[in-house]
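First up is the structure itself, then whatever we jot down about it.
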Amino acid sequence: MCAGAQTESTRPRTFAVVPPAERLHSVNLLLEALPGVDRRRLLSQCEIVDVAFAEVLYAPPGELDHAYFPIDSFISLIMPIDADCSLEVGLVGNEGMFGIPLALGVNASPMRAVVQGAGSALRIDTAAFRRELARTPALRRCIERYVSVHVSQLAQTAGCTRFHLVEARLARWLLMTQDRAHARSFHATQEFLALMLGVRRVGVTKAASALQQRDLIRYSRGNVTVLDRRGLKAASCGCYDADRSSYDRILG
């Protein structure tokens, strides 16, 4: 499927910024794993930003100005294939972060970062993030483990895209999205689903209809409701459980 940036807003983004101490109503699990002193020092360098659905947080080949730690938002990682084709290769929710290259000494990413679930995120600028990495061994260890999980999941996604049927891949993606949305219902347009799966819209329609006919989901006008999570897991390929296992094994 050749689906491009026409489904994503590329207009300049004005963020609503609120000091973390004033409304930290949820957590980022990656940061929550840090010792209290280290976590508080890092949070003092962060700001909370509100991000909107389809907003582009980063597009290559630009420089990465910030790292993002989602709280109740989630971010789609999209690999541009050529001028007209793109493919989603990952999702980041409050279990992780966007900005891994910064921890590896690189100032750019090959992937676009697009908000798939609106909400809030902790944002820290590049210089402050690298200072905290240099002074905080616990943060370095945490990020290194997350990098290992991320690489494993990217490899899993590559194999899944190549070998598994669209219906099973859609079920997997819906489960992954529900995990990060922390809700039974969320927004997912046909255009974005086609981009995510790398298929034509007719393929998305067929796969979503099959899941809906089995009363696993309800899908209408870009809104998805998971009706039977257990049944959806049964319809998914084994990649969903493999992703969860790699996270639990390495990050607990």
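Every condition in (1) at pLDDT below 95; (2) in a strand (DSSP E or B); (3) over 29 Å from SER245 (Cα atoms); (4) among the charged types (D, E, K, R) is met by ASP82 except one, and the failing one is (2).
This table checks each residue for (1) among the aliphatic types (A, V, I, L, M); (2) closer than 21 Å to ASP248 by Cα; (3) touching a residue at least 24 places away in the same chain (Cβ under 8 Å).
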| position | (1), (2), (3) |
| --- | --- |
| VAL56 | yes, no, yes |
| GLY62 | no, no, yes |
| ALA67 | yes, no, yes |
| PRO70 | no, yes, yes |
| ILE75 | yes, yes, yes |
| ILE78 | yes, no, yes |
| CYS85 | no, no, yes |
| LEU91 | yes, yes, yes |
| GLU95 | no, yes, yes |
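Does LEU57 qualify as being aliphatic (A, V, I, L, M) and either under 20 Å from ALA194 (Cβ atoms) or in contact with a Leu (Cβ under 6 Å, 6 or more places away or on another chain) (or both)? Taking the combined requirement at face value, the residue does not satisfy it.
Among the residues of region 213-225, is any closer than 25 Å to LEU29 by Cβ, in contact with a helix residue (DSSP H, G or I) (Cβ under 9 Å, 6 or more places away or on another chain) and at pLDDT below 90? No, that holds for no residue.
Take SER185 and tell me if it is closer than 30 Å to GLU144 by Cβ, not β-branched (Val, Ile, Thr) and not assigned by TED's automatic domain parsing to the domain that holds PRO70. No; evaluated as a whole, the condition is false for this residue. Note on region 134-164: residues that are assigned to a helix (DSSP H, G or I) and more than 26 Å from GLU32 (Cβ to Cβ) amount to 7. What number of residues within region 132-143 satisfy the criterion of being loosely packed, with under 15 Cβ neighbours inside 10 Å and either assigned by TED's automatic domain parsing to the domain that holds ASP243 or touching a helix residue (DSSP H, G or I) at 6+ places or on another chain (Cβ under 8 Å) (or both)? Total satisfying the criteria: 2. Note on region 95-131: among residues that are crowded, with 21+ Cβ neighbours inside 10 Å and assigned to a helix (DSSP H, G or I), the one that is farthest from the chain's Cα centre (by Cα) is PHE129. Cβ-Cβ contacts under 7 Å between residues 6 or more apart (or on different chains), taken from a first residue in region 233-252 that is in contact (Cβ under 8 Å) with a residue 40 or more places away in the chain to a second residue that is of a type in the set (Ser, Thr, Tyr) and buried (at least 18 other Cβ atoms within 10 Å of the Cβ), are listed as LYS233/TYR240; LEU251/TYR146. Within region 54-64, if we keep just the residues that are touching a Lys or Arg at 6+ places or on another chain (Cβ under 9 Å) and not small (Gly, Ala, Ser), the residue that is surrounded by the fewest Cβ atoms within 10 Å (Cβ to Cβ) turns out to be PRO60. Scanning region 225-252 for residues that are under 21 Å from ARG184 (Cα atoms), among the acidic types (Asp, Glu), surrounded by fewer than 16 Cβ atoms within 10 Å (Cβ to Cβ) and under 19 Å from the mean Cα position of the chain (by Cα) turns up just one, ASP241.
Is it the case, given these coordinates, that GLU167 is in contact (Cβ under 8 Å) with a residue 12 or more places away in the chain, surrounded by 15 or more Cβ atoms within 10 Å (Cβ to Cβ), acidic (Asp, Glu) and closer than 25 Å to LEU57 by Cα? Taking the combined requirement at face value, the residue does not satisfy it. Among the residues of region 32-43, is there at least one that is surrounded by 16 or more Cβ atoms within 10 Å (Cβ to Cβ), modelled with pLDDT of 55 or more, touching a Phe, Trp or Tyr at 6+ places or on another chain (Cβ under 6 Å) and at negative phi? Scanning region 32-43 turns up no residue that is surrounded by 16 or more Cβ atoms within 10 Å (Cβ to Cβ), modelled with pLDDT of 55 or more, touching a Phe, Trp or Tyr at 6+ places or on another chain (Cβ under 6 Å) and at negative phi.
The values are calculated or read from the model by the stated rules, or taken from the named source; none is laboratory data. Predicted, not measured: the structure shown is a model, and the values here were computed from it. Cβ sites come from the backbone with ideal geometry, for glycine too, and all protein chains shown count toward neighbours.
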